[in-house]
Amino acid sequence: MKIVVLNGSPKGESSITLQYVNFIRKKFPQHEYKVFHVAKNIRKLEKDGNAFRTIIDEISNSDGVLWAFGLWVLAVSAQYMRFIELISERSAKDAFKNKYAASLSTSIHYFDHIAHNYIRSIAEDLDMRYTDGLSLDLADLRKKDERNNLIIFAEDFLNSMQHKYPTARLFKPMTYSNFDYQPSPAKDTVHPKNKKIIVLTDASNGSSNLEKMVNRFVQSFPLESHVEIVQLDDIDIRGGCLGCMRCGYDYNCQYKDGFADFYNHRVRSSDIIVFAGSVKGRFLSSAWKTFYDRAFFWNHSPSLIGKQIGYIISGPLSQIPNLIQYLEASSFARQDSNHVDIITDESEDSLEIDNLLQIFAERLLRFSEQDYIKPKNFLGVGGHKVFRDDIWGRFRMIWQADYRYFRAHGKYDFPQKNYGIRIATAAMMLLTKIPPFRRKFYSNLRDMPVKRMQRLIEKY
């Protein structure tokens, strides 16, 4: 059988995930494998239609496609997304139809499920027969059990192709609306005082819903407030993140364009940041992913501390819960900032959208004045522990800037450091070995925490 491997790492042959692919190739040498470094060569594929067509022809003549990638800021790389956009833009979807597909990634398991959900949904949108996805740690190839899991995963993929097994579909096709948003002039304005507000957008069509929503949002503030609107196309970004990790030492990106300066002096200096984009495929545009990927020069350290963050989205966002979680994670899990809300045009009611945008502006400003930052939920708490453990441990020598930041800001909050809890827990565990004490302890366990809270409430 013939398998096309679409390598989504901008590092090409130096991709860690590709070494896992090479392991599969060695274990199953009877099959033909064609590897294309689509992320690394994305600029060439954009300019050279023949190079792109060569890949599409190979896919058309293959039995299956293995989507192989590393994690780039909660998802696949911007370059990989751009290749997926080209499939649609150049009407190459038919080459993928009924081909078997699987996804393989390596990472530290930080939101790897978002990347796999994205690839599976793309594969299903291309009418492929998706079998499974395997997410491995960067070092799993060294472990016998994980090598065996990789072999089983590959066998299943190959057997599915050989025997034409049916595959389940998880994601429904997306439906788009032709709704034309017609905003009304803002009747009231909210005064931002000394708060700096920036809106980042990739809206390029003056008549698009997104641009009209952005303009209506800005009208919620007085003209003299000078809310800044920045088009992504106007930012000096010369390419996507290369995964070189040189920024790990001191937050300095190897690119010599204007992005780092823009991000540090115009985005990070703002109090309120609104990201505005349109749904494209199963994500926003690859230009937006480039922005997120390049902002990773701040590594795993929060760079938007204390900011109020919100989103204005045009398109069927409610049909992509995976993207909703990505947006929440971008502002809520990775940053020590406040995720305020996401406003879309899905209600298809212009007056309602006007009101939502007006209230959105008021809430962003009010929360900023109150220095309100919601406590983190699972996305933030769990994500922090993944970063904390790996940056303190095996990746300290790479992400040295992160290590210094985490150490200086109390991010190394390991439970074993809480000696009071350790001593109290050890004493209680000994006491609960005494039957009368154990019976009394568990009989009071249900009400004990509540009584403590009630005593606290009485003080206020």
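The values are calculated or read from the model by the stated rules, or taken from the named source; none is laboratory data. This is a predicted model, so every value here is computed, not measured. Counting neighbours? That spans all protein chains shown, and the Cβs are built from the backbone with ideal geometry, glycine included.
All conditions but one from (1) farther than 24 Å from GLN335 by Cα; (2) in contact with a strand residue (DSSP E or B) (Cβ under 8 Å, 6 or more places away or on another chain); (3) without any contact (Cβ under 8 Å) to a residue 40 or more places away in the chain; (4) buried (at least 20 other Cβ atoms within 10 Å of the Cβ) apply to SER204; the one that does not is (4). Going by the structure shown, is ILE59 β-branched (Val, Ile, Thr), surrounded by 17 or more Cβ atoms within 10 Å (Cβ to Cβ) and over 24 Å from LEU323 (Cα atoms)? It is true that ILE59 is β-branched (Val, Ile, Thr), surrounded by 17 or more Cβ atoms within 10 Å (Cβ to Cβ) and over 24 Å from LEU323 (Cα atoms).
The condition (being surrounded by fewer than 21 Cβ atoms within 10 Å (Cβ to Cβ), farther than 20 Å from SER88 by Cβ, modelled with pLDDT under 95 and of a type outside the set (A, V, I, L, M, F, W, C)) is satisfied by just one residue among THR189, THR167: THR189.
One residue alone among PHE291, PHE297 is closer than 25 Å to ARG43 by Cβ and over 15 Å from the mean Cα position of the chain (by Cα), and that residue is PHE297. Here is the figure for region 279-294: residues that are crowded, with 21+ Cβ neighbours inside 10 Å and over 14 Å from THR201 (Cα atoms) total 4.
Search region 400-453 for residues being charged (D, E, K, R) and part of a loop (DSSP other than H, G, I, E, B), and hand back the single one that is farthest from ASP250 (Cα to Cα). For region 400-453, the residue satisfying everything is LYS433.
So that you can scan it fast, the table gives a plain yes or no per residue for (1) small (Gly, Ala, Ser); (2) touching a residue at least 40 places away in the same chain (Cβ under 8 Å); (3) within 23 Å of LEU379 (Cβ to Cβ):
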| residue | (1), (2), (3) |
| --- | --- |
| ARG238 | no, no, no |
| ARG268 | no, no, yes |
| SER303 | yes, yes, yes |
| PRO316 | no, yes, yes |
| ASP341 | no, no, yes |
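The requirement of being assigned by TED's automatic domain parsing to the domain that holds LEU323, in contact with a Lys or Arg (Cβ under 7 Å, 6 or more places away or on another chain) and part of a loop (DSSP other than H, G, I, E, B) is fulfilled somewhere in region 229-237, by at least one residue. Of the helices (runs of 4 or more DSSP H) lying entirely inside region 1-113, the ones with 3 or more residues being in contact with a strand residue (DSSP E or B) (Cβ under 6 Å, 6 or more places away or on another chain) and within 21 Å of ASN149 (Cβ to Cβ) are found at 16-27. Criterion applied to SER225, SER318, SER269 was being touching a Pro at 6+ places or on another chain (Cβ under 7 Å), within 29 Å of ASN209 (Cα to Cα) and either of a type in the set (A, V, I, L, M) or surrounded by fewer than 21 Cβ atoms within 10 Å (Cβ to Cβ) (or both), and the one residue passing it is SER225. Restricting VAL381, VAL386 to those that are β-branched (Val, Ile, Thr), in a helix (DSSP H, G or I), surrounded by 14 or more Cβ atoms within 10 Å (Cβ to Cβ) and under 25 Å from the mean Cα position of the chain (by Cα) reduces the list to VAL386. Considering the conditions (1) out of contact with any strand residue (DSSP E or B) (no Cβ under 7 Å at 6 or more places or on another chain); (2) surrounded by 11 or more Cβ atoms within 10 Å (Cβ to Cβ); (3) in a helix (DSSP H, G or I); (4) not β-branched (Val, Ile, Thr), ARG394 is excluded by exactly one of them, (3). Does at least one position in region 181-199 carry a residue that is out of contact with any Lys or Arg (no Cβ under 7 Å at 6 or more places or on another chain) and not in a loop (DSSP other than H, G, I, E, B)? Yes, some residue in region 181-199 is out of contact with any Lys or Arg (no Cβ under 7 Å at 6 or more places or on another chain) and not in a loop (DSSP other than H, G, I, E, B).
Residues that are aromatic (Phe, Trp, Tyr) and under 14 Å from SER318 (Cα atoms) within region 266-288 comprise just one, PHE283. Only one of the listed residues (GLY240, GLY310, GLY277, GLY248) is outside any loop (DSSP other than H, G, I, E, B) and over 28 Å from LEU365 (Cα atoms). That residue is GLY248.
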